[in-house]
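Okay, structure first, notes after.
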Amino acid sequence: MEKKLVSILILLIMLFAALPYSAGAADENFLKHTSSGNVFGAGEDLQIDQNIQGDLVLAGSRLEINGNMGNDFLGAGGEIIVNGDVSGNIIVAGGSIRVNGNVGGDVAALGGQIILSRNSVVEGDILLGGGEVTLDGTVNGNGDVSTDTLKTGDNFKLKGNLALQADNYPSNLSDKVGGNLNITQVNATEKQHE
């Protein structure tokens, strides 16, 4: 149910964020600040360096977020890099997604490659689906990951439970998960680790 809801939300994000392109604005970046502190935008290459009080909703080929966000970040793009801190949730879809900052809520991401970097801290849960997922930060909540290949770095720690669907994953994964680890290998049987 969660995956279906996230998929629908991401589809809506892409639809609404891409509207400026359908209006003939494809040759330029579109960025609109609202009076409530939210920012909406689309473009080929968007770099957001300022802090955003509210939500940030973007679509584009390359999105780089260097400022901090007071609420949520919703994005769709070929390459998405989040260097700033996000007080709320991150909900993104893209070819390559990298979260380098801290997240006060959850991270829901669908992409070819997803990376939670060494210095990232996610206070909530992670819901990730991608071809290759690399986890090297701290997740204080639970995780639900579906991937061909899961890689973990030396700094990775997930304090809650992890439900993993993967072809390939590290043999020492149970050492990095504080709660229950439930692994389903594609074309294999389900294993329960406690």
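Listed values, structure above:
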{"item": "Subset of the range 155-185 (residues that are surrounded by fewer than 17 Cβ atoms within 10 Å (Cβ to Cβ) and over 20 Å from the mean Cα position of the chain (by Cα))", "result": "Asp167, Asn168, Pro170, Ser171, Asn172, Ser174, Asp175, Gly178, Gly179, Asn180, Thr184, Gln185"}
{"item": "Residue under evaluation Asp175, criteria (1) over 28 Å from Ile48 (Cβ atoms); (2) part of a loop (DSSP other than H, G, I, E, B), criterion not met", "result": "(2)"}
{"item": "Qualifying residues in the range 103-118 (those that are assigned to a strand (DSSP E or B) and small (Gly, Ala, Ser)) - the one farthest from Asn83 (Cα to Cα)", "result": "Gly112"}
{"item": "Conditions (1) under 13 Å from the mean Cα position of the chain (by Cα); (2) modelled with pLDDT under 95; (3) open to solvent by less than 10 Å² (accessible area, probe 1.4 Å); number of the one not met by Ala42", "result": "(1)"}
{"item": "Residue match in the range 53-75 (condition: crowded, with 24+ Cβ neighbours inside 10 Å, of a type outside the set (D, E, K, R) and touching a residue at least 60 places away in the same chain (Cβ under 8 Å))", "result": "yes"}
{"item": "Selection status of Glu132, among the acidic types (Asp, Glu), part of a strand (DSSP E or B) and open to solvent by 40 Å² or more (accessible area, probe 1.4 Å)", "result": "yes"}
{"item": "Filtered residues of the range 91-110 (kept if surrounded by 19 or more Cβ atoms within 10 Å (Cβ to Cβ) and under 23 Å from Asp154 (Cβ atoms))", "result": "Ile97, Arg98, Val99, Gly101, Val103, Val107, Ala109"}
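The values are calculated or read from the model by the stated rules, or taken from the named source; none is laboratory data. Computed from a predicted model, the values in this text were never measured in an experiment. Using ideal geometry, Cβ is built from the backbone for each residue, glycine included, and neighbour counts are taken over all protein chains shown. Keep in mind that these areas ignore ligands, DNA and RNA; they rest on the heavy atoms of the full protein, side chains included. Shrake-Rupley method; radii C 1.70, N 1.55, O 1.52, S 1.80 Å.
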